[in-house]
Amino acid sequence: MLTFPFNASVMPLSALRGAIALQRGHMFLFVPVCLALGIGAYFALPREPAAAEWALLVIVVAGVLGLLRFMAEDMAPFALVVMLVCAGMLVAGLRVYLVSAPVLPFRFYGAIEGRIVKIDRSASDALRLTLDRVILEGVEASQMPARVRVSLHGDQGYVDPAPGLRVMLTGHLSPPPAPSEPGGFDFRRLAWFEQLGAVGYTRSPVLARAPPQDGAAGLRIHRLRMQISAAVQDRLPGDAGGFASAILTGDRSAISQPRLEDLRRSNLAHLLAISGLHMGLLTGFVFTLLRLLMALVPWFALRAPTRKLAALGALGAGAFYLALSGGNVATERAFIMVAVMFCAILLDRRAISLRSVAMAALVILVLRPEALVQAGFQMSFAATIALVAVFRALSAEREWRRSIPRWLWPVVSVIICSMVAGIATAPVSAASFNRLAEYGLIANLAAVPLMGLVIMPAAVLAALLAPFGLDWIGLRVMEPAILWILRVAETVSGFDGAVMPVVQPAPWVLPVLALGGIWIVIWRGRGAWLGAGAVALALLGWVQGSDRPDLLIAHDGVVLGLMGEGGRMISRDRAGSFAVQSWLQADGDLGTQADGFARAGLADSRSPLVQMHRNGLDVVHLLGQRGLDYLPDLCRDGRIVVTSAQPDTRPGTCLLITPRDLRASGAIAISMQGGGGIVTRSVADTGGARPWTQ
């Protein structure tokens with residue numbers, strides 16, 4: 001009997017080589033994924049890499065590039081993965097360095113002068129001005145921020161804000177605020193990439209310091225944008241005009257707050273943001289229209305590359321739409337995606353494919369690596385990848401498509417797009433905004449088809465007729481569709497349980513979920529089940545919930561929240577409202593600050609002494625100088641005492657947290673352990689030593 005030696009270790013290696021061989025021909029899809037892993041790793045670092053560590057990353061990238069042609073064919077993919085991850089870290093670090101600008105290190109009150117470069121509105125609907133070329137009274141040039149953002153309150157109206165106009169005012173400024181709790185959203189990082197060195201407000205009038213120069217800061221485009229917005233609102237008064245103005249020019253100032261809240265609660269607020277949906281619908285309609293018009297001239301259609309000419313026309317329409325909308329990050333991202341698609345047409349490549357999506361992602365990640373950690377980027381590509389994958393699968397089922405009449409296919413396509421995009425973006429939306437519109441799919445099915453079939457074509461019609469003063473025809477065509485969308489939003493938002501609160505998931509959940517979903521789509525072969533396992537693991541971790549802190553203390557000590565049986569109890573009814581709102585949202589709590597204060601059972605909101613007991617925690621909140629009078633008697637062993645005023649001494653054996661402590665640590669979270677001990681985390685601990693946290 002003959003026997004042969006058997007080495008079990010060869011089997012996995014052979015299987016791995018076979019799996020990699022299946023990926024040949026579409027490995028480019030993994031390039032932006034690996035680059036994103038490096039970018040994500042950079043932002044997750046607890047500190048900025050040292051010079052030697054940056055040098056090591058450069059050596060790895062250069063070394064792999066130099067040795068790549070000498071590597072064995074089955075080893076090259078692994079080396080490329082390592083190189084791309086290192087390159088992602090380098091790209092992110094370079095971007096951080098290139099946009100670095102001074103951040104105001106202290107609170108400021110005084111004269112402010114600068115040039116308007118951006119006009120928008122805050123969450124409270126206050127007009128905001130972003131200024132560059134800033135001059136702050138008494139501040140040295142080395143500490144002068146590149147940009148500041150000021151919310152306007154009080155009696156205004158002395159100037160008509162416009163980009164390029166140099167203004168002066170007296171206001172309050174502070175450094176960009178730190179997270180409201182450890183691990184929470186860090187506005188400082190977002191502000192860093194916008195070169196926003198201070199934010200604040202003014203209640204004094206804004207005055208013109210110098211007139212704008214033609215073309216300065218996009219003045220001409222802004223004037224055109226405001227003229228179009230005003231004309232649209234004049235033709236379509238009320239919320240319908242505000243909606244039309246928002247989707248055409250990005251100006252959302254005319255939409256009332258009740259209608260805006262309806263759109264949010266029904267998951268239709270994305271229709272207002274000029275992003276991938278609007279850019280895709282507009283350029284797609286222009287592309288189809290141009291091809292149809294050229295086909296009406298047979299002599300021209302038979303001799304000219306009509307498909308490429310239509311792509312150029314659609315690309316130009318998209319570029320103009322980008323400029324008209326104000327050029328925000330979401331619109332830039334959408335334009336890059338459609339530009340890649342139409343460039344593929346110009347190069348005789350397939351326009352809509354995963355390769356085009358990968359190319360768009362690669363361009364965005366190289367130019368703006370910070371986009372990776374923003375909800376807009378995540379939702380855009382989640383929807384796009386899911387749509388391409390689903391329609392690719394449907395294209396393979398030819399019998400299914402043939403069963404649908406050709407005239408009905410556009411409607412079916414829009415419905416499928418709504419369903420797929422809604423399902424794909426739901427996890428990102430829920431994790432980012434801590435609430436899920438339970439009837440959002442129904443609302444989108446009822447509203448989104450009208451965007452593609454009526455509103456965007458009518459917008460193009462209005463633009464074509466505008467030179468003849470007949471733009472009102474297009475606007476009147478879109479008006480019933482807009483009113484229908486607003487009615488759908490109002491109806492759906494009024495359903496019982498329209499909004500389901502979502503507890504903030506653990507930080508690892510969303511990245512694992514995203515990687516698992518991408519792996520399922522791009523991996524060929526049986527290994528795709530690994531992606532399904534990652535998705536299942538992430539969903540299981542999300543369902544089990546994250547451990548929310550038992551006690552949260554605001555960065556200035558003016559308010560704290562203790563988790564109770566009916567939700568988080570809040571020590572103050574008004575103070576620290578922004579932090580409290582963030583806490584409740586992360587808890588998955590739809591209650592208000594007033595509800596949280598009522599849970600604490602506190603009768604007098606002006607009392608300098610607040611005591612709360614829950615989950616084994618004994619907490620005392622002492623407010624103002626009057627509260628310090630109680631400190632010597634209340635500072636006992638096992639008790640947590642938080643003061644909003646700084647005491648002269650630290651009496652007793654309690655865990656005392658003062659404003660001086662909080663200035664060093666930022667907001668604090670305290671959690672109880674099984675053995676009765678406590679774990680304390682602060683923003684300083686979780687934020688690390690990064691350029692935007694200094």
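Quick note: the coordinates plus some simple rules give every number you see, no bench work behind them. In this text, all values refer to a predicted model and were calculated from it rather than measured experimentally. Here Cβ is always computed from backbone atoms with ideal geometry, including for glycine, and neighbour counts include all displayed protein chains.
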### Message
Quick one: the Cα spread of segment 599-694 along its three principal axes, in angstroms, biggest first?
### Response
42, 33, 28
### Query
What shape does segment 450-601 take by its C-alpha gyration tensor, where a ≥ b ≥ c are the square roots of the eigenvalues and a/c under 1.5 counts as rounded, a/b above b/c as prolate, and the rest as oblate?
oblate
### Query
If you find the alpha carbon centre of segment 481-510 and of segment 25-103, how far apart are they in angstrom?
39
### Segments 520-529, 658-667, 443-452 sorted - mean Cβ within 10 Å per residue, highest first
443-452, 658-667, 520-529
### Query
About its Cα centre, how strong a charge dipole does the chain have in debye, to the nearest 20, once Lys and Arg get +1 and Asp and Glu get -1 at the Cβ?
2040
### Query
Going through the DSSP H helices of the chain, which span 30 Å or more along their own axis at the Cα atoms while scoring at least -0.5 as a mean Kyte-Doolittle hydropathy?
76-98, 375-396, 409-433, 471-493
### Message
Would segment 333-465 count as rounded, prolate or oblate if I go by the C-alpha gyration tensor, calling it rounded below 1.5 in a/c and otherwise prolate when a/b exceeds b/c, oblate otherwise?
### Response
rounded
### Message
If a paramagnetic tag sat 7 Å from the Cα of Phe43 along the Cα-Cβ line, which residues of segment 675-694 would have the backbone N under 16 Å from that point?
### Response
687-688, 690-693
### Query
Considering only Leu98, Val390, Leu346, whose Cα is most displaced toward the positive end of the charge dipole of the chain, charges sitting on Cβ of Lys, Arg (+1) and Asp, Glu (-1)?
Leu346
### Message
Can you give me the long-range amide H partners of Arg121? Hydrogens built in the peptide plane at 1.01 Å from N, cutoff under 5 Å, separation of 5 or more residues or another chain.
### Response
Arg128
### Query
Taking every pair of alpha-carbon atoms in segment 48-114, what share in percent sits in each 5 Å bin, from 0 to the bin with the longest distance?
3, 14, 18, 16, 11, 9, 7, 6, 5, 4, 3, 2, 1, 0
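What is the projected area of the convex hull of the Cα atoms of segment 222-501, averaged over all directions, in nm²?
The Cα convex hull of segment 222-501, projected and averaged over all directions, gives 15.8 nm².
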## Note on the structure
Classified through the alpha carbon gyration tensor (a ≥ b ≥ c as square roots of its eigenvalues; rounded if a/c is under 1.5, else prolate when a/b is larger than b/c, else oblate), segment 383-521 comes out oblate
### Query
segment 264-352: Rg/Rh from Cα coordinates, Kirkwood Rh?
1.06
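At 1.567 mPa s and 4 °C, plugging the Kirkwood radius over alpha-carbon pairs of segment 218-326 into Stokes-Einstein gives what diffusion coefficient in µm²/s?
Numbers: Rh = 15.5 Å.
It diffuses with D of about 83 µm²/s by this estimate.
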#### Entry: Spherically averaged projected area of segment 24-73 from its Cα convex hull (nm²)
4.5
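Multiplying the sequence separation of Leu293 and Leu312 by 0.36 nm and subtracting their Cα-Cα distance, what value in nm do you get?
Using 0.36 nm per residue and subtracting the Cα-Cα distance, I get 5.4 nm.
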### Task
Show the residues, 5+ positions off or on another chain, whose built amide H is closer than 5 Å to the amide H of Ser204.
Thr170
### Contour excess over end-to-end distance, with Cα ends at Ile135 and Ala72 and 0.36 nm allotted per residue
16.7 nm
### Pairwise centroid distance, computed over Cα atoms, of segment 135-167 with segment 653-688, Å
37
### Query
HN-Hα J couplings of segment 159-175 from phi, Karplus 6.51/-1.76/1.60, θ = phi - 60°, integer Hz, Gly and Pro as x?
9, 9, x, 8, x, x, 6, 8, 10, 9, 6, 10, x, 9, 10, 9, x
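Output the peptides 573-580, 405-412 sorted from most to least packed, where packing is the average of other Cβ atoms within 10 Å over each peptide's residues.
Descending mean neighbour count gives 573-580, 405-412.
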## Note on the structure
Taking a crude spin-label model, label points 7 Å out from Cα along the C-beta direction, the Ile423 to Ala645 distance in nm is 6.0
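Can you give the Rg to Rh ratio of segment 108-213, both from alpha-carbon atoms, with Rh computed by the Kirkwood formula?
0.97
Which value results for Rg/Rh of segment 13-98 when Rg is the Cα radius of gyration and Rh the Kirkwood radius based on the inverse mean 1/r?
Reported Rg/Rh, Kirkwood definition of Rh: 1.03.
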### Message
Given R₀ = 25 Å, what would the calculated FRET efficiency be for Gln156 paired with Ala210, taking r from the Cβ atoms and rounding to 0.05?
### Response
0.85
### Query
Lys/Arg Cβ at +1, Asp/Glu Cβ at -1, dipole of the chain taken about the Cα centre: which of Phe70, Gly525, Ala645 is farthest positive-ward?
Phe70
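Report the gain in length on full extension from Val58 to Trp484: 0.36 nm times residue separation, minus Cα-Cα distance, nm rounded to one decimal.
Working it through step by step, the gained length comes to 147.8 nm.
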### Task
Could you pull out every residue, at least 5 positions away or on a different chain, whose amide H is within less than 5 Å of the one on Ala111? Hs are placed 1.01 Å off N in the peptide plane, and Pro or chain starts have none.
Glu137
### Summary
Dividing the mean separation of Cα pairs under 8 Å (6+ apart) by the residue count of the chain yields a relative contact order in percent of 11
